[in-house]
Amino acid sequence: MIALVDAGCGNLRSVQRALEYVGAKSIEITRDPERVASADRVVFPGQGAFGDCVRALDADGSALRQAINQVLVDSTPFLGICIGMQVLFESSDEAPGAVGLGHFDGAVRRIPDGLVEPDGAAVKVPHMGWNLARTQPGYDRALGEDRWYYFVHSYHCVPRDPSVVAARSEHGVEFAAAVARDNVLAVQFHPEKSQRAGLSLLERWLDASGA
């Protein structure tokens, strides 16, 4: 069973349809910590605010936080999407004081205002639209070749260990488009909105995780 985590901040049905399109079976949208902890694979999609997502994790005695932490250390294949990537870090400029899962050391920083593109155009925040994600050495198996994906975000992850960065993109600043370590892959872009490139990534993740 693939648990699609419902933390109240995800585009769940679109992600579910995309996974089904590439052949995933037995997908369950759930916020039940026991179902998440016992799943064969876990997908944590998210859009919205870091603080709202953390509050959802910490509702009901932080049971959902504990379940996801267990998944992360149990080697269960895990895919984080957008906020589902950011919440894997320790903190975010978006919600001072909110504590992330801390699976990756580092913080989530805002894309600065006032940046300028090489052609003189102002860099728009939020970053919204298609952008190239450049796969980093050693991550070809997880991500494949460089591809264009659809992004919607104003904040970006800054890992303390640069070796976990699986793909990089640029929008005024260079930023981590994906991170990976062991059983965990997380992406800042939205595969479910990225047409063939996104479907290919989901298919690759399913194949790698044995779905």
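Computed from the coordinates by the stated procedures, all read-outs in this text should not be read as laboratory data. The structure displayed is predicted, hence computed values, not measured ones. Note that each Cβ is placed from the backbone with ideal geometry, even for glycine, and that neighbours are counted across all protein chains shown.
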Discussion item. For the stretch 28-64, give me each residue that is in a strand (DSSP E or B) and more than 23 Å from GLN86 (Cβ to Cβ).
Written reply: GLU28
Worksheet item: Which of the residues spanning the stretch 177-194 are outside any strand (DSSP E or B) and closer than 23 Å to CYS9 by Cβ?
Response: ASN183, GLN188, PHE189, HIS190, PRO191, GLU192, LYS193, SER194
Worksheet item: Given ARG17, ARG31, ARG41, which one is in contact with a Pro (Cβ under 7 Å, 6 or more places away or on another chain) and of a type in the set (D, E, K, R)?
Response: ARG41
Worksheet item: What is the number of the single condition among (1) crowded, with 21+ Cβ neighbours inside 10 Å; (2) of a type in the set (A, V, I, L, M); (3) over 17 Å from the mean Cα position of the chain (by Cα) that LEU88 does not meet?
Response: (3)
Worksheet item: What pairs can you find where one residue is in the stretch 54-71 and under 18 Å from PHE104 (Cα atoms), the other is of a type in the set (Ser, Thr, Tyr) and not in a loop (DSSP other than H, G, I, E, B), and their Cβ atoms are less than 7 Å apart, with a gap of 6+ or different chains?
Response: none
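So that you can scan it fast, the table gives a plain yes or no per residue for (1) in contact with a Leu (Cβ under 9 Å, 6 or more places away or on another chain); (2) closer than 15 Å to ALA176 by Cα:
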{"position": "ALA122", "(1), (2)": "yes, no"}
{"position": "VAL125", "(1), (2)": "yes, no"}
{"position": "MET128", "(1), (2)": "no, no"}
{"position": "PRO137", "(1), (2)": "no, yes"}
{"position": "ARG141", "(1), (2)": "no, no"}
{"position": "GLY144", "(1), (2)": "yes, no"}
{"position": "SER154", "(1), (2)": "no, yes"}
{"position": "CYS157", "(1), (2)": "yes, yes"}
Discussion item. If ARG65 satisfies all but one of (1) in contact with a strand residue (DSSP E or B) (Cβ under 6 Å, 6 or more places away or on another chain); (2) among the charged types (D, E, K, R); (3) surrounded by 18 or more Cβ atoms within 10 Å (Cβ to Cβ), what's the number of the condition it fails?
Written reply: (1)
Worksheet item: under 23 Å from LEU12 (Cα atoms), touching a strand residue (DSSP E or B) at 6+ places or on another chain (Cβ under 7 Å) and not hydrophobic (A, V, I, L, M, F, W, C) - does that describe any residue in the stretch 162-176?
Response: no
Discussion item. With the structure loaded, tell me whether ARG204 is more than 22 Å from ALA49 (Cα to Cα), out of contact with any Gly (no Cβ under 8 Å at 6 or more places or on another chain) and not in a loop (DSSP other than H, G, I, E, B) or whether it fails that test.
Written reply: no
Worksheet entry | the stretch 97-131, residues that are over 22 Å from GLY48 (Cα atoms) and either in contact with a helix residue (DSSP H, G or I) (Cβ under 7 Å, 6 or more places away or on another chain) or not in a loop (DSSP other than H, G, I, E, B) (or both) | VAL116, ALA122
